[in-house]
1. Starting from residues that are small (G, A, S) and under 16 Å from the mean Cα position of the chain (by Cα), keep the ones in the stretch 216-274 and report whichever is nearest to the ligand (Cβ to nearest atom).
2. I'm trying to understand the selection: among the residues of the stretch 204-259, which are at pLDDT below 95 and in contact with an Asp or Glu (Cβ under 8 Å, 6 or more places away or on another chain)?
3. What residue, of V209, V191, V197, V183, is of a type in the set (A, V, I, L, M, F, W, C) and under 26 Å from A49 (Cα atoms)?
4. Mind counting the residues in the stretch 66-111 that are aliphatic (A, V, I, L, M), away from the ligand (no atom under 11 Å from the Cβ) and at pLDDT 95 or above?
5. Starting from the stretch 259-270, keep only residues that are in a loop (DSSP other than H, G, I, E, B), then list their pairs with residues that are modelled with pLDDT of 95 or more and of a type in the set (F, W, Y) whose Cβ atoms are within a distance under 9 Å, requiring at least 6 positions of separation or different chains.
6. Take the residues in the stretch 27-82 that are among the polar types (S, T, N, Q) and not in a loop (DSSP other than H, G, I, E, B); name whichever of them is farthest from the chain's Cα centre (by Cα).
7. Kindly state which helices (runs of 4 or more DSSP H) lie completely within the stretch 132-227 and contain at least 1 residues that are touching a Ser or Thr at 6+ places or on another chain (Cβ under 6 Å).
8. List every residue pair whose Cβ atoms sit under 7 Å apart, with the two residues 6 or more apart in sequence or on different chains, where the first one lies in the stretch 102-120 and is farther than 20 Å from F45 by Cα and the second, anywhere, is among the aromatic types (F, W, Y) and assigned to a strand (DSSP E or B).
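The values are calculated or read from the model by the stated rules, or taken from the named source; none is laboratory data. On a predicted model such as this, the values are computed, not experimentally measured, just so you know. Because the Cβ atoms are built from the backbone with ideal geometry, glycine has one as well, and the counts that use them run over all protein chains shown.
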Amino acid sequence: MLGARIDDVDLSQPLDDVAFDAVEQALHDHCFVVLPGQTLSAAQFVAFAKRWGRPEPHVIDRFHHPEDPNILILSNVHRDGQPIGLVDAGTYFHTDYSYLDIPARCTILYTIQMPPSGAGTTFANQRQAYADLPAATKKRIDGLVVRHHYGNRDDLDESSRTVASVLTDSEKQKVDWVRHPLVRRHPHTGVPCLYAVSGSSFEIEGMDVASGRALLDELKSHATQPRYCHTNPYGIADVIVWDNVQLLHAAPLTDLSQARTMWRITVTEAAATL
Ligand SMILES: [Fe+2]
C-alpha cells in the first residue's frame, strides 16, 4: 500500500489538471509517489512544487539553491573545501516542519547524484498505525495536544550525526514552541493519523513532562514497527513526493565517500493545525 510509481510523466512541462489530480490522488492513497526519469531546471522543479501549495524555504539558509531559495541542496559533496549542501537531514523518524505552526503538506526530492546502493528514505505509515490502535487507546489520545520544538527529542547531542541538523545561533532565534494535535485528520482526506510522535514532539499539554514523554515513546514504538515501514531505494533523476501528515520518515545515514546530491522543496499546508 505504501508508495506508488508513476511513469511517463514529464515534470519539465506544466501538468494539466487531470494529470496533476491523478498524482495527487496517488499521494493521498499511497502516501508517497515516485516519478522517475526527470530532467529539471531549478525553475521547473519549483513550478511543479507550487502545484501542491506554497513552498517554504528551510530555516537552514546556508544551502539554498543559488537560483531559488525554495530549494534546499542536500549533499555530501565538497567543493573548494566547502560542503555544497546539507550532509545529513533527518536520520531519525520525524515529519517535516512539525516544529512550525503551519507544518509541511508534502516534501519533494529530486535526485541528482546517487551512490550505487541508492539507499533511500524509510517511511512509516501513520494512517495505518492509528487505525490499528485499540479503541481504548484512541479514546485516550484523541483530543490531546502536543508541544513541539525544532529537534530530535531522542538525540540532542549536536556532535552526533543523528541529531536534527544543527542550527546556527541566528537560525535558533527563528524557531519557538508550537502546538499540534496528537491525532490529526488529514486536511485533504479527513482520515485520522498519528502525527509526529517521533522527532519534534517533546511534551503533551495537561500531562507532566515525564508522563507525556512516556506516552509519546509508547506511540513511537508502536508507529515505527517494521510492519508500518517501507524503504524506498532511489534512482538518479527520480522525483519523490511524500505526504507529511500520513507518514513519518527517516533519511539513511549515507556513506560519506560516495557522492549523493538531491534538491528538496518542502510545501506547507494551507493553515495552522489548531
Ligand atoms: Fe525530513
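1. Within the stretch 216-274, the first condition is being small (G, A, S), and the residues that meet it are 221, 223, 235, 237, 250-251, 257, 259, 270-272.
Applying the additional criterion that residues be under 16 Å from the mean Cα position of the chain (by Cα) yields 223, 250-251.
Numbers: A223: 16, A250: 8, A251: 6 Å.
Top of the filtered list is A251.
2. Once the filter is applied, which keeps residues that are at pLDDT below 95 and in contact with an Asp or Glu (Cβ under 8 Å, 6 or more places away or on another chain), the stretch 204-259 yields A251, L253, T254.
3. Numbers: V209 fails: under 26 Å from A49 (Cα atoms); V197 fails: under 26 Å from A49 (Cα atoms); V183 fails: under 26 Å from A49 (Cα atoms).
Unique residue meeting the criteria: V191.
4. 5
5. Note: pairs meeting the criteria are E269/Y97.
6. Of the residues in the stretch 27-82, the ones among the polar types (S, T, N, Q) are 38-39, 41, 44, 70, 75-76, 82.
This time we only want the ones that are not in a loop (DSSP other than H, G, I, E, B), so: 44, 70, 75, 82.
Values: Q44: 21, N70: 15, S75: 17, Q82: 26 Å.
So the residue we want is Q82.
7. Numbers: elements: 135-141, 169-172, 209-223.
Correct list: 209-223.
8. Note: no pairs meet the criteria.
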